[in-house]
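All remarks here apply to the structure that follows.
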Amino acid sequence: QVRLMESGGGSVQAGGSLKLSCSTSGFPFAGYCMAWFRQVPGKERVGIARIYPSSEFSGSGKTFYAHSVEGRFTISRDDAENTLYLDLNNLNPGDTAMYYCAAEAKPLNFACPGLERADDYSDWGQGTQVTVSS
């Protein structure tokens, strides 16, 4: 059974930091494309960061970010712990949202899904809330 569980959200003041974790089980994490999305009420889920599998053959852990978070957020993965991370720094009220981790199997000889469409990812966690006050 595939499981993804986010944690680490909370309430911080502008300029603060948080570290989100996504613990996973039930699938071969090391071979999966992983991503973080966020969503505010009434709006679509938006991709903010993604990471390739760590192996040189599958992408060497390449990372990509949405412009809105580049330079402030860092995505990483620990394949030994089957866990995905997102470091959030210099937070601002515009970062307030529910944050979700997402997983998709890396297609052989094809790129990982991008950040444009949440539907490109098959498996999701339940989310963790991040609230930033000014």
Problem set entry | Every pair of residues 6+ apart whose Cβ atoms lie under 9 Å, when the first sits in region 106-126 and is closer than 17 Å to P53 by Cβ and open to solvent by 50 Å² or more (accessible area, probe 1.4 Å) while the second is among the basic types (K, R) and at pLDDT below 95 | none
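One line per residue, one yes/no per condition, for (1) surrounded by 15 or more Cβ atoms within 10 Å (Cβ to Cβ); (2) among the basic types (K, R); (3) touching a helix residue (DSSP H, G or I) at 6+ places or on another chain (Cβ under 9 Å); (4) closer than 22 Å to D123 by Cα:
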{"residue": "S7", "(1), (2), (3), (4)": "no, no, no, yes"}
{"residue": "S11", "(1), (2), (3), (4)": "no, no, no, no"}
{"residue": "F37", "(1), (2), (3), (4)": "yes, no, yes, yes"}
{"residue": "S54", "(1), (2), (3), (4)": "yes, no, yes, yes"}
{"residue": "A66", "(1), (2), (3), (4)": "yes, no, no, yes"}
For this session: Being in contact (Cβ under 8 Å) with a residue 40 or more places away in the chain and out of contact with any Ser or Thr (no Cβ under 9 Å at 6 or more places or on another chain) is the filter here, so list the residues in region 39-58 that pass it.
Result: Q39, E44, R45, G47, S58
Seminar exercise, completed: When (1) in a loop (DSSP other than H, G, I, E, B); (2) open to solvent by less than 50 Å² (accessible area, probe 1.4 Å); (3) charged (D, E, K, R) are applied to E44, the one that fails is (2)
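On the basis of being surrounded by 21 or more Cβ atoms within 10 Å (Cβ to Cβ), under 21 Å from M5 (Cβ atoms) and in contact (Cβ under 8 Å) with a residue 60 or more places away in the chain, does L91 make the cut? Before the answer, list the steps.
On the way: surrounded by 21 or more Cβ atoms within 10 Å (Cβ to Cβ): yes; under 21 Å from M5 (Cβ atoms): no; in contact (Cβ under 8 Å) with a residue 60 or more places away in the chain: yes.
So L91 fails the test.
Residue-wise test of (1) modelled with pLDDT of 95 or more; (2) over 23 Å from V2 (Cβ atoms); (3) of a type in the set (D, E, K, R).
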site: R38; (1), (2), (3): yes, no, yes
site: S58; (1), (2), (3): no, no, no
site: Y121; (1), (2), (3): yes, no, no
site: V132; (1), (2), (3): yes, yes, no
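Out of the residues in region 96-115 meeting the condition of being more than 14 Å from the chain's Cα centre (by Cα) and not in a strand (DSSP E or B), tell me which one is modelled with the highest pLDDT. Lay out the reasoning, then the answer.
Taking region 96-115 as the starting set, the residues that turn out to be more than 14 Å from the chain's Cα centre (by Cα) are 96, 105-111.
Cutting the leftovers down to not in a strand (DSSP E or B) gives us 96, 106-111.
Values: T96: 98, K106: 88, P107: 82, L108: 81, N109: 80, F110: 85, A111: 90.
So, considering only residues that are more than 14 Å from the chain's Cα centre (by Cα) and not in a strand (DSSP E or B), the one modelled with the highest pLDDT is T96.
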Seminar exercise, completed: Apart from one, (1) open to solvent by 20 Å² or more (accessible area, probe 1.4 Å); (2) assigned to a loop (DSSP other than H, G, I, E, B) all hold for G59; the odd one out is (1)
For this session: Quick one: which residue in G26, G47 is on the phi > 0 side of the Ramachandran plot, at pLDDT 95 or above and of a type in the set (G, A, S)?
Result: G26
Exercise. Restricting region 73-88 to residues that are assigned to a strand (DSSP E or B) and of a type in the set (A, V, I, L, M), which is surrounded by the most Cβ atoms within 10 Å (Cβ to Cβ)?
Worked result: L84
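The values are calculated or read from the model by the stated rules, or taken from the named source; none is laboratory data. Only a predicted model underlies this, so the values are computations on that prediction, with no experimental measurement involved. Every residue, glycine among them, receives a Cβ derived from its backbone with ideal geometry; neighbour counts consider all protein chains shown. Just the protein is used for accessible areas: all its heavy atoms, side chains included, with ligands, DNA and RNA removed. Shrake-Rupley method; radii C 1.70, N 1.55, O 1.52, S 1.80 Å.
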